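The structure appears right after this line, and notes come after that.
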Amino acid sequence: MKNKLVYTFNALFILLFGYLLCLSIFKPQTFTFEHPFVLIVLSAAALLVLIGIFQFSTRLNKKGDGFLTISLVILILAVQVYLLVSLQMNSYADAYVIKGESLKMLANGGHATGQEYFMMYPNNIFITIIRYWLYAFGGMLGVSNVFLLESVFLFLCMNITIFVLFWIIRKENGSKYANIYLIIILFCVPLLGYIWYFYTDTLVLPFASLITLFYYLYTKNNKWWYFIIIGLLFAVGYHIKPNIIILLPAMIIHQCFIRNWRKVLLNTMVLAIFFVSLNAVFTPLSNHYGFKKNLAIEFPQTHWVMMGLGEPAGRYNSEDVAFTNQYKTKEEKQEANIEKIKERLKEHGPIGLAKLYNNKMINTWTDGTRAYTWYTNSALDYPASFDYFFGDKRFFTEFAAQMFHIINLLLICLGALRFYKKRELDISFFINITLVGVWLFHLIWEANQRYILFVTPLMIVSSIYGFKFIIESLFTEKVVLKDKLKKSFLITSFLIFLLSSVFLAFGGKMIATDKQDINHYIVKQSYAHIALPVNNKQTISQEFTSDSPFNSIDIYVMKKPEASSSYRIKVINETNDTIIYNQEKKGTDFPNEAYLKLSVNDNPKGNNRYRIVISEVENSHPNQPLVLGTYFDNDLDLYPYGDLYVNDDKKEYQDIGFFVTNTTSKPLMPKYAYIMFDLCIMLVFAGTYYVFKRRR
């Protein structure tokens, strides 16, 4: 019976993740590339290079393996350090609220301000306390730079995650497979893109990996007391990000296949006892710091189920938040949510639900970047690392992210297929059960690409077993191509490398020849979701500074004004006391929910201060004014080099949504650099093919 269940599960798992693989190639959520065949070929070429590296590494002795491992570890750490040092980033949405509250707590001697947000979303209380602890600990050491404290903490979280899982792979599969894992990690863009993101999704990562580690140790040693540690890890991890609890039913199901029911029951009881015991600490801890529970404000779980049924893809929806928030008690909120759930289920019907669930899968599982560019996009400076991760050259990063996401999904499917050959219920089977749990959860719950970040490292572990299946299928025990496969494999590899080289050569036109507008940012303040009207009673001014030339200013318009109205926009160089832009704009000139681009040229000598002034000239429909965007005051200034004024009233810790850029028309990459890049890639292809051809 158990064997039949495992066979069935793996078959369905391959179909499911095979479908997600197809969606990721042909209909990804945010990645726009019109040639999926090119993406397939280049992904196949990258996978072949990984296979070639593995085959080459079999020539290395223990010292050679160790040298390769140390080199990869140093490279991973060096890339992380470079990114953290070169960019100081703030985050949007919930992470913005939490950082502001933590700073207020630091100023208030550790007392929360009683924000309604934390009564509405109590799941974010513990992450706020952790952030406050970090800032307070830094203060004890005399370190007041919060960016430095956050960077060190996130650096530790990421690397505990990475190297705990590295240890599992090394222990289970050997150093050569562990090195392949490190190479994949090196190109795992989400783990790099979210390295600035101090929120639940990143802080829960080490807990997911440590839970996996101690469960792996249990499967090898059969010691029940590992579940004491697992229970404690679940308790802390749950209060950081409740989704981590999905690993618990996966763990119980996995045990049912490898242990008898008595041991499963005993282990679950031990885990539950220690989970509940430590869990009891968190309410007094929240109360100690002044976080109050208010059932009239708190949202019930049904709210997120209701949101998960919203069109078109069950994402966060401010209208749904307003709907739930209008009811006065938690019970009323829950009843209204349930009614709305029933209503939406009826409206969708079976076909509509199938379309919605498909959209949710696209939304959650097909984005190789995990949408890091939205959540961490507020920088203090704009060096090259910003251009390639968040700016106009991020195509390269996003393309690499999508390639390795496709490879990851393919290898996960092959890892499940490996079961039919090896019959092993190993740690990858546990991870695959977890992935199905996450998939099911986000069919029901609110969907978002970021929400699968916490299982992304586990997905890479699972993919290593798919990579192992390829090696076992293609090569002999001495890691030489099997005779019956050698000719066809070499021909296929040659064609893939040849096609990839051709595609890269033709890609040179788009990347190194065709000109496009490239923005070098002086200011990129894009967080603007609070309405800020411009009318006959309110003139809006925004300051900024620049020591670099610029030729464009973009102002975010949340809502365009009435067509016959008119507004004056001035840009003043306050350092030189000169007006560098002064034009009147008609209502028809303004876009809606988009940026108004102004051609403003200046080449400052030294660091100059500027002021953008937006005022109403005429509007016969005062109920339809020009509406700009800002963000709410949270003791956290996303653009600290200039202030926002409403008339002459300075608004602390607020700015409008605006960009200041020096826009130039040029290729994404210089031609000489692209030629060198192409030649390096072709050398790698040639070297890989040579490794494949060797006889021993």
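Below are the figures for this structure:
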{"read-out": "Filter result for Glu616 (among the acidic types (Asp, Glu), at pLDDT 95 or above and assigned by TED's automatic domain parsing to the domain that holds Tyr556)", "value": "yes"}
{"read-out": "Enumeration of residues in segment 414-452 that are of a type in the set (D, E, K, R), over 25 Å from Asn221 (Cα atoms) and outside any helix (DSSP H, G or I)", "value": "Glu446"}
{"read-out": "Answer residue from segment 458-471, given it is of a type outside the set (A, V, I, L, M) and more than 11 Å from Asn408 (Cβ to Cβ) and is surrounded by the most Cβ atoms within 10 Å (Cβ to Cβ) among those", "value": "Tyr465"}
{"read-out": "Meets criteria (assigned to a helix (DSSP H, G or I), surrounded by 18 or more Cβ atoms within 10 Å (Cβ to Cβ) and in contact (Cβ under 8 Å) with a residue 60 or more places away in the chain) for Gln29", "value": "no"}
{"read-out": "Residue satisfying all of: in segment 1-26; among the β-branched types (Val, Ile, Thr) and surrounded by 18 or more Cβ atoms within 10 Å (Cβ to Cβ); modelled with the lowest pLDDT among these", "value": "Ile25"}
{"read-out": "Matching option when the condition is at pLDDT below 95 and among the β-branched types (Val, Ile, Thr), among Thr456, Thr492, Thr476", "value": "Thr476"}
{"read-out": "Lone unmet requirement of (1) of a type in the set (Val, Ile, Thr); (2) part of a helix (DSSP H, G or I); (3) crowded, with 19+ Cβ neighbours inside 10 Å for Thr369", "value": "(2)"}
{"read-out": "Pairs where the first residue, in segment 669-686, is β-branched (Val, Ile, Thr) and the second is in a helix (DSSP H, G or I) and surrounded by fewer than 17 Cβ atoms within 10 Å (Cβ to Cβ), C-beta under 8 Å, 6+ apart", "value": "Ile681/Ser501"}
{"read-out": "Count of residues meeting criterion [under 32 Å from the mean Cα position of the chain (by Cα) and part of a helix (DSSP H, G or I)] in segment 235-267", "value": "20"}
{"read-out": "Hits in segment 589-625 - residues which are touching a Lys or Arg at 6+ places or on another chain (Cβ under 7 Å), in a strand (DSSP E or B) and either without any contact (Cβ under 8 Å) to a residue 40 or more places away in the chain or closer than 28 Å to His520 by Cβ (or both)", "value": "Val613"}
{"read-out": "Residue ID - nearest to Val660 (Cα to Cα), chosen from residues in segment 579-594 that are of a type in the set (S, T, N, Q) and surrounded by 12 or more Cβ atoms within 10 Å (Cβ to Cβ)", "value": "Gln583"}
{"read-out": "Met669 vs. criteria within 29 Å of Ala512 (Cβ to Cβ) and in a loop (DSSP other than H, G, I, E, B)", "value": "yes"}
{"read-out": "Residue list for segment 372-385, filter: surrounded by fewer than 22 Cβ atoms within 10 Å (Cβ to Cβ) and assigned to a helix (DSSP H, G or I)", "value": "Thr373, Trp374, Ala384, Ser385"}
{"read-out": "Number of positions in segment 317-366 that are in contact (Cβ under 8 Å) with a residue 12 or more places away in the chain and outside any helix (DSSP H, G or I)", "value": "3"}
{"read-out": "Qualifying residues in segment 480-519 (those that are surrounded by fewer than 17 Cβ atoms within 10 Å (Cβ to Cβ) and β-branched (Val, Ile, Thr)) - the one farthest from Ile51 (Cα to Cα)", "value": "Thr513"}
{"read-out": "Hits in segment 614-642 - residues which are within 18 Å of Gly100 (Cα to Cα), buried (at least 19 other Cβ atoms within 10 Å of the Cβ) and out of contact with any Phe, Trp or Tyr (no Cβ under 8 Å at 6 or more places or on another chain)", "value": "Thr630"}
{"read-out": "In segment 32-41, residue modelled with the lowest pLDDT [restricted to those that are exposed (fewer than 15 other Cβ atoms within 10 Å of the Cβ) and more than 19 Å from the chain's Cα centre (by Cα)]", "value": "Phe33"}
{"read-out": "Number of positions in segment 288-316 that are farther than 18 Å from Tyr238 by Cα and in a helix (DSSP H, G or I)", "value": "7"}
{"read-out": "Among the residues listed as Ser500, Ser493, Ser428, Ser462, the single one being more than 26 Å from Leu23 (Cβ to Cβ) and polar (S, T, N, Q)", "value": "Ser493"}
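Yes/no per residue for (1) free of Cβ contacts under 8 Å to residues at least 12 places away in the same chain; (2) within 26 Å of the chain's Cα centre (by Cα); (3) surrounded by 19 or more Cβ atoms within 10 Å (Cβ to Cβ):
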{"residue": "Ile70", "(1), (2), (3)": "yes, no, no"}
{"residue": "Ile76", "(1), (2), (3)": "no, yes, yes"}
{"residue": "Ser86", "(1), (2), (3)": "no, yes, no"}
{"residue": "Ile162", "(1), (2), (3)": "no, yes, yes"}
{"residue": "Phe166", "(1), (2), (3)": "no, yes, yes"}
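The values are calculated or read from the model by the stated rules, or taken from the named source; none is laboratory data. Here the structure is a predicted model, which is why all the values come from computation and not from measurement. With ideal geometry, Cβ positions are generated from the backbone for all residues, glycine too; neighbour counts draw on all protein chains shown.
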